[in-house]
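Q: Dropping a structure here in structure tokens format, bear with me for questions.
The values are calculated or read from the model by the stated rules, or taken from the named source; none is laboratory data. Just so you know, these numbers come straight off a predicted model, no measurement behind them. Every residue, glycine as well, gets a Cβ built from its backbone with ideal geometry; the counts of neighbours run over all protein chains shown. All accessible areas refer to the heavy atoms of the entire protein, side chains included, with ligands and DNA or RNA removed. Shrake-Rupley method; radii C 1.70, N 1.55, O 1.52, S 1.80 Å.
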Amino acid sequence: MAMDPESRKKLQILLLLAIVVAAGRAGYIVYDRYQERKENQKPKQEVALKADYYISPKKLHPYDLKSARELTKQPVWVRAGYYHTYYPYDLAHHKTNFGHEAGTLLPLQKLQIQDVVTDTSPEAPGAKQVLARFELEGKAYVVPIGVEKTGDFKIYSDDIFFVEDPHDLYKHWPSDVWQAINAHEAHPGMNELQTSFALGGAIPEGSGDYGSRTLHYANGGKPISVTFRGDKAVEIKPKALDIMRRG
């Protein structure tokens, strides 16, 4: 049976719409698969850098001497190197020689805390220092980790120590990054956190957001300036000591 012109026209319009819909669906599938391949092809280093944000190091939240002594139950690692001063400790008399600075803790230095004690510094007679005691080369030392005044403790050891091995916490970092950190060296491409693990604490130069600024590292008496862009070191150069003092 022959179709009249009006019916033929309607059929042609329906077929055209069906073709357009099918083409659109096919295009969407192709685009979706392209985006999926694009995600899978991102550089592994970028994925590793983002993974840092998901790391949540364990904290002890100490509030008195007893809870602070949880530090003795596992090794600890120094968070900010060249920042915390430690002092000789007389085990026989339970006294700290606050008049003699023995040194500063190194970046990621591993320590075994043997006890947490209190002692009074001549410079702050109104409060007691909370001190973590450890040994180096057979000699006893203490490092301040808080204060105690009339029974009220303020302990900030969670800001000083990791209680989990950073090598395990950040095991997703490439081996060459860890080699640089263990050698206390900054290399191009390292992010701020990695560089702090290598060089210790830093002073910012002017303003700038995290990952996009210049930082000056004392680096144990060998000052280094590192400029970051996109949270990657792009310029590393030595700096004079007087710049660190002015900072």
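Q: Specify, per residue and in Å³, the volume enclosed by the convex hull of the alpha carbon atoms belonging to segment 49-161. Don't skip to the end; give the middle numbers.
A: On the way: hull volume 13.4 nm³, N = 113.
So the per-residue Cα hull volume is 118 Å³.
Q: Moving to a separate point now. Assuming a ≥ b ≥ c are the square roots of the Cα gyration tensor eigenvalues, decide whether segment 108-211 counts as rounded (a/c under 1.5), prolate (otherwise, with a/b larger than b/c) or oblate.
A: On the way: a/c = 2.61, a/b = 1.73, b/c = 1.51.
Prolate, because a/c is 1.5 or more and a/b exceeds b/c.
Q: A further question on this structure: Using Cα-Cα distances under 8 Å and only pairs 6 or more residues apart, what relative contact order does segment 163-241 have, in percent?
A: Numbers: 135 pairs, mean separation 18.2, N = 79.
Relative contact order comes out at 23 percent.
Q: I would also like to ask the following. Please list 193-199, 169-175 highest first by mean number of surrounding beta-carbon atoms within 10 Å per residue. Please list the in-between numbers first.
A: Numbers: 193-199: 24.0, 169-175: 14.7.
Highest to lowest by the protection proxy: 193-199, 169-175.
Q: Quick check: at a probe of 1.4 Å, how many percent of the accessible area of segment 79-217 sits on carbon and sulfur atoms? Each step should come with its number before you reach the end.
A: Working: 3290 of 6900 Å².
Carbon and sulfur atoms account for 48 percent of the accessible area of segment 79-217.
Q: What shape does segment 103-165 have by the C-alpha gyration tensor, where a ≥ b ≥ c are the square roots of the eigenvalues, rounded means a/c under 1.5, and otherwise prolate means a/b greater than b/c and oblate the rest?
A: Details: a/c = 2.22, a/b = 1.56, b/c = 1.43.
Cα axes put segment 103-165 in the prolate bin.
Q: Assuming R0 = 35 Å, what is the FRET efficiency of residue 90 and residue 59, from their Cβ-Cβ distance, to the nearest 0.05? Before the final figure, lay out each step's value.
A: Numbers: r = 31 Å, r/R0 = 0.89.
Once the sixth-power term is evaluated, E becomes 0.65.
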